[in-house]
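The next block holds one structure in the form of structure tokens; read it before the comments.
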Amino acid sequence: MGKMAVVGAGLVGSLWARMLGNRGHDVVVYERRPDPRKGPLHGGRSINLALSDRGWKALEIAGVADRVREIALPIRGRRMHAVDGTRSFQPYGLEGQCIYSVSRAGLNRILVEAAESLPNVRFEFGHRCEGYTAGADGATLHLETEGQALDVTVDRIFGTDGAFSAVRGRMMRNDRFDFEQRYLPHGYKEVPMLPGAHGAFQMEEDGLHIWPRGTFMLMALPNPDRTFTCTLFGPFEGPHGLNHLNDDAAVMEFFNTHFPDVVPLLPNLLQDWNAHPISSLVMTKCDPWNDGERVALMGDAAHAIVPFYGQGMNSGMEDCTVLDGLLDSGAKWDEVMAEYTRLRKPAGDAILDLALQNYIEMRDLTGDPQFLQQKKLEARLQRKHPDRWLPLYSQVTFSHTPYHEALARGRQQQRAMETVMRAPEQWNHFEDDTWMDAVLEELESLQEADA
């Protein structure tokens, strides 16, 4: 068994420490922040998260899924709110399929405690990573704690230290290491929706509530404590820019104009608005995700994405699943690390593209009649031919198909649907199922052409 260092005690780092500990490795997790179980969250990160099949698989492997189920709230679909008060429901998948809302703090606590319960895993908080040096006989992690330098030599280092990873920062000095960082010109601000007068949810707790408004949107995700975390996403600049909501009058006018039905549910809106920061949305790509056999990046350190597919945490947990599976192969570490990059790099790029695409869908398209008709048709097609048609959202959220494969097939399916929906001779057949053959034939033709 080897000596392993994990840099970062967030969700991915603590989960990976548990998986390594389960394998008998000696693991130390170094985290620059204080213990996440003590005090508030740091870094402006979202309060709650969406957990789906890829994340559940990793939690099952680690042996912590049952504990997480105790704090997970099922979400069956999107609940849409139009400006005029009209509401509609869009289920996520087939009957019984749902995602789960979980508290970031609660989940982090479970994962840290699950890892720390193993005798061969420990956590060291207040330790800032200053880089590493990789050699033939090991890797030395350079740390700073309480103003003192500390060097620790281990067999492997795993960087799970987020979008601004110090481990990746050192890796960027390697020859032929590619790195890209960019910010979405949109940001977000969170405000809580407290329970109603009798301690109950103020809206349906089985849905992700969305107020789509074209270039911006409001979302509300329920929490087990009967609150909702409301998040306004929008551009920083422009007529509806977040930077212009800089006084109480502007905030109230904005919400009364665009979200009139939610204002009565937020009696503390101004107080909460002024207490929470506006946060930015950063995206990163890099290649490779490993430095030889000694160092690897996981989670946001390798592939920071925007949150609009609910897959940021799930994709990081899937990194753990894939790397853990590669260790089962019995291959040498240099082969394992190289294969990890080969498998996960295309997936990381694809989920970033998918998340950006889904932002446009949620804020612009979820109220569009043609878009809604297509989604209903796709659901019917899936129920009739589940072996031949799986909507893109279901591939991403309710399967373990690699993200890049799901993206490619989703694009083929979109082209097939668009071709048939543009054909006037098909319009009279949407009431029955005769149009399905045309879609499936078009899909097969596209797959053959792309093969």
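The values are calculated or read from the model by the stated rules, or taken from the named source; none is laboratory data. Keep in mind it's a predicted model, so treat the numbers as computed, not measured. Please note: Cβ atoms are built from the backbone with ideal geometry, for glycine as well, and neighbour counts cover all protein chains shown.
For this structure, a couple of remarks:
- Residue that is more than 20 Å from residue 405 (Cβ to Cβ) and without any contact (Cβ under 8 Å) to a residue 12 or more places away in the chain, where the choices are 338, 331: 331
- Criterion: assigned to a helix (DSSP H, G or I), crowded, with 21+ Cβ neighbours inside 10 Å and over 16 Å from the mean Cα position of the chain (by Cα) - qualifying residue of 313, 337: 337
- Residue 129 vs. criteria over 18 Å from the mean Cα position of the chain (by Cα), at pLDDT 95 or above, assigned to a strand (DSSP E or B) and surrounded by 15 or more Cβ atoms within 10 Å (Cβ to Cβ): yes
Okay, residues lined up against (1) more than 24 Å from residue 48 (Cβ to Cβ); (2) aliphatic (A, V, I, L, M); (3) out of contact with any Gly (no Cβ under 6 Å at 6 or more places or on another chain):
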| position | (1), (2), (3) |
| --- | --- |
| 296 | yes, yes, yes |
| 311 | no, no, yes |
| 315 | no, no, yes |
| 335 | yes, no, yes |
| 343 | yes, yes, yes |
| 351 | no, yes, yes |
| 386 | yes, no, yes |
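- Scanning region 163-185 for residues that are of a type outside the set (A, V, I, L, M) and buried (at least 21 other Cβ atoms within 10 Å of the Cβ) returns 165, 168, 170.
- Listed by position, the helices (runs of 4 or more DSSP H) enclosed by region 386-451 that each have at least 3 residues that are at pLDDT 90 or above are 392-397, 403-421.
- Residues being closer than 30 Å to residue 279 by Cα and surrounded by fewer than 21 Cβ atoms within 10 Å (Cβ to Cβ) - total across region 143-161: 4
- Filter pass, residue 169 being over 19 Å from the mean Cα position of the chain (by Cα) and small (Gly, Ala, Ser): yes
- Among (1) surrounded by fewer than 19 Cβ atoms within 10 Å (Cβ to Cβ); (2) at pLDDT 95 or above; (3) closer than 30 Å to residue 191 by Cα; (4) out of contact with any Asp or Glu (no Cβ under 8 Å at 6 or more places or on another chain) - the single one residue 111 does not satisfy: (1)
- Condition check for residue 49: in a helix (DSSP H, G or I) and within 18 Å of the chain's Cα centre (by Cα): no
- Output for region 278-305, where each listed residue is surrounded by fewer than 22 Cβ atoms within 10 Å (Cβ to Cβ) and outside any strand (DSSP E or B): 278, 288, 292, 293
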